[in-house]
Amino acid sequence: MTDDELRALSKLSTPAPDIHARVATIDAAMAAFDQHQPEIDRQTQGSTPPLRNTSTLTQMWSLIMNSVFKPVWTLKPANLAAVTGVAALPVVAMVAWNVMDQQFKPETSPVAVQAPAADAVSESSSALPVAEAESPNQADFAAAAPQRQRAVATRKFSNQRQLKGMARSNGLILAKPAAPSSRPLYSVQARPVLPVPKPQAMPDQSERYTKFEDRGVTNVATSPVSTFSIDVDTASYARVRAALKGGNLPPRDMVRVEEMINYFDYAYPLPEDPAQPFKPTVTITPTPWNAGTQLMTVGIKGYDIVDQDQPDSNLVFLLDVSGSMNQANKLPLLINSFQLLLQKLKPTDKVSIVTYAGRSATLLDSVNASDRATIRAALQNLQAGGSTAGAGGIEQAYRLAEKNFVDGGVNRVMLATDGDFNVGISDPVQLKDLIAKKRKSGVFLSVFGFGQGNYNDALMQKLAQNGNGQAAYIDTLAEAQKTLVEEANGTMFTIAKDVKIQLEFNPARIAEYRLIGYETRALRNQDFNNDRVDAGEVGAGHSVTAIYEITPVGSPAVLIEPLRYGKNKSASVAADNPNGEIGFLKLRYKLPDESRSRLLQQAISYPEPGNSAGQAKLDTGFSTAVAAFAQKLRGNPALQDFSYQQIGALARAYRGDDNFGYRSEFLQLVRIADALSN
């Protein structure tokens, strides 16, 4: 750093101290110390049990600071004066105890040291490796030697500190301090611990989701056109799976129906020309949960790239190594996942690695993928610690990608994080704008989420949607294998960007429709022809599915009464559509290196009887089961009378080929959800 930079820093004003930030920092430091305590040969100072020889004065002062003053710090300034007089009592008690320690008199009663209340710890807490709390008789305690008194008091304090540390590490500390009691202010009390819940809806913790409401039924007579952006993200399915296998029903906003459906691959017809990278396939089937409606499934399969035709890649691994990533299902899993990706890279591909915590750093700059030893060594040496300056890391990763840009190749930043940005730009809207500006450089962004408890799902979605990329969630090494190895072409090679779908329904044939899912991808009808409006991307070999529930004219399932003074176009429209068209489908997309969109369109009619057979029929039936499951998890009233058992039966009937067991795993999730809901 230059002298001018140092002088500039010296002129910066010092931020005002924040007592709440100080308390939070101390808490975080003590929790981190507890987590790494087993790595230390001998126990030292921190929030772990003080087993080494220290003076009673030091022990009691630590006890008072943690049990009394620390809760007082969390009070608002207006309430501090009310406890000032009371706060002096522990000091007097500490001095009295120290005098007792030096000149003990048998007739003097010691300060009461109280164990945690029995109802403050759950049943499973009895299995914690904590020594059984002692409750010595007061007379025996008074007659004991000073060393015995100190040992008992220290052990009880240690037990309570261990309970508190374990509760903190498992997210079980109460958000607010317990109500005041009549116990002496200077007695040792463990903070109450929440009981371990039985399987039920997953607690929100500090995870963040984009909130949205399910679409309702739309009247074709008044709103015949539906427009939305395509989506191949799959993060929601993996998140829901992790929740269910953890014994919890997922929060409602964790479930995005389209991501659940598109997690699976479907055998839609493949296009042969990369200039037209997909071909729409439309099927119409009865609705299993509503006999008066039908399901119209629109599926597309992306043009796939064979290995010898793969363009060279310029990849920047942007890896979060902040303190929040210091968990087994975060940084260690991240390292192993990206090592799997190396086997899919060509020797001529380039790999860079940027890490960020309190600041960003470049570990590798455009290393040939053939030098796997160097890349693996850089990954394996990663360690977590510090704050999370995610925006700075994004800026540096894009600069590196732009510097090493490959014309006609793949230029992509691959962000791996739990989304816990807390330094620099952390507002989702500002980060979204930052990514939107960066995508103009031709560098795409893929987002891979890790971890639970503080996962920022809402931010992950915004970054992926605005970075011309996809969002995936990796909770196991098996999921990393699926996302980064089996589906590597789709993950890395974009074949079409800004893909939009618009469907116009024929009011002579269809009375109502409901698009299932895609709530966060809705577009205005006028956005369809506007090439400046961003939309979703499709990767090589990816399949994308959208399902409409449609209600034919004259069906008893029609929910919306026709307008009394509405213009009836049924007769004229029917006359203009002798082939029985029920709708008209349009697709807009751009090739990866183009700025002007191309148009695909086709009319939709009822299929001839018996046309749907084989794998297409199986895929349609299975995607219907997944759509039903996702809606059921969200509590959609349309699925109120359709049980999990019926969903499971539907999925089993249409499971079809299942080479990797993903569809069989889905059946397990349906059974788990059924058990948890009961």
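So who's got an amide H within less than 5 Å of the one on Thr210, skipping anything under 5 residues away but keeping other chains? H placed 1.01 Å off N, in plane.
Amide H neighbours of Thr210, under 5 Å, 5+ apart: Ala458.
Search the structure for amide H atoms under 5 Å from the amide H of Gly517, placed 1.01 Å from N in the peptide plane, and list their residues when 5 or more places away or on another chain.
Arg215
Calculate what fraction, in whole %, of the accessible area of region 385-533 sits on carbon and sulfur atoms when a 1.4 Å probe is rolled over the protein chains.
Working: 2180 of 4740 Å².
Summing carbon and sulfur atoms, their accessible area is 46 percent of the total for region 385-533.
Can you work out the Karplus-derived ³J(HN,Hα) for every residue in region 405-420? Use 6.51 cos²θ - 1.76 cosθ + 1.60 with θ = phi - 60°, whole Hz, and x for glycine or proline.
The phi angles translate into 4, 10, 5, x, x, 9, 10, 9, 9, 10, 8, 10, 6, 9, x, 8 Hz.
Counting Lys +1, Arg +1, Asp -1, Glu -1, what net charge surrounds Gln502 among other residues with beta carbon under 11 Å of its beta carbon? Present the calculation step by step, with values, prior to reporting the outcome.
Values: positive: Lys500, Arg524, Lys586, Arg588; negative: Glu504, Asp527.
Around Gln502, the surrounding residues sum to +2.
Could you tell me which of Thr287, Pro269, Tyr303 has its Cα farthest along the dipole of region 264-314 towards the positive end, charges placed at Cβ (Lys, Arg +1; Asp, Glu -1), taken about the Cα centre?
Result: Thr287.
Taking amide hydrogens as modeled 1.01 Å from N in the peptide plane, which residues meet the under 5 Å criterion relative to Gly536, leaving out close sequence neighbours?
Correct list: Ile230, Asp498, Val499.
May I ask you to evaluate 6.51 cos²θ - 1.76 cosθ + 1.60, the Karplus curve with θ = phi - 60°, for each residue of region 213-221 and list the ³J(HN,Hα) values in order in whole Hz, giving x for glycine and proline?
Each residue of region 213-221 in turn: 9, 5, 5, x, 6, 10, 7, 5, 4 Hz.
Output ³J(HN,Hα) for region 487-494: one whole-Hz value per residue in order, computed from phi by the Karplus curve 6.51 cos²θ - 1.76 cosθ + 1.60 with θ = phi - 60°, and x for Gly and Pro.
Each residue's phi maps through the Karplus curve to give 10, 4, 4, x, 6, 9, 9, 7 Hz.
Within a Cβ distance under 15 Å of Asn489, other residues only, what is the Lys/Arg minus Asp/Glu net charge? Before the final figure, lay out each step's value.
Working: positive: Lys301, Lys344, Lys346, Arg412, Lys482; negative: Asp265, Asp304, Asp307, Asp309, Asp312, Asp349, Glu486, Glu487, Glu537.
The answer is -4.
Taking the full set of protein chains and a 1.4 angstrom probe, give the accessible area of Ile284 in square angstrom, rounded to the nearest 10.
Accessible area of Ile284: about 30 Å².
The values are calculated or read from the model by the stated rules, or taken from the named source; none is laboratory data. The shown structure was predicted, so the numbers you read here are calculated from the model rather than taken from an experiment. With ideal geometry, Cβ positions are generated from the backbone for all residues, glycine too; neighbour counts draw on all protein chains shown. We work out accessible area using only protein heavy atoms, side chains counted, and drop any ligands, DNA or RNA first. Shrake-Rupley method; radii C 1.70, N 1.55, O 1.52, S 1.80 Å.
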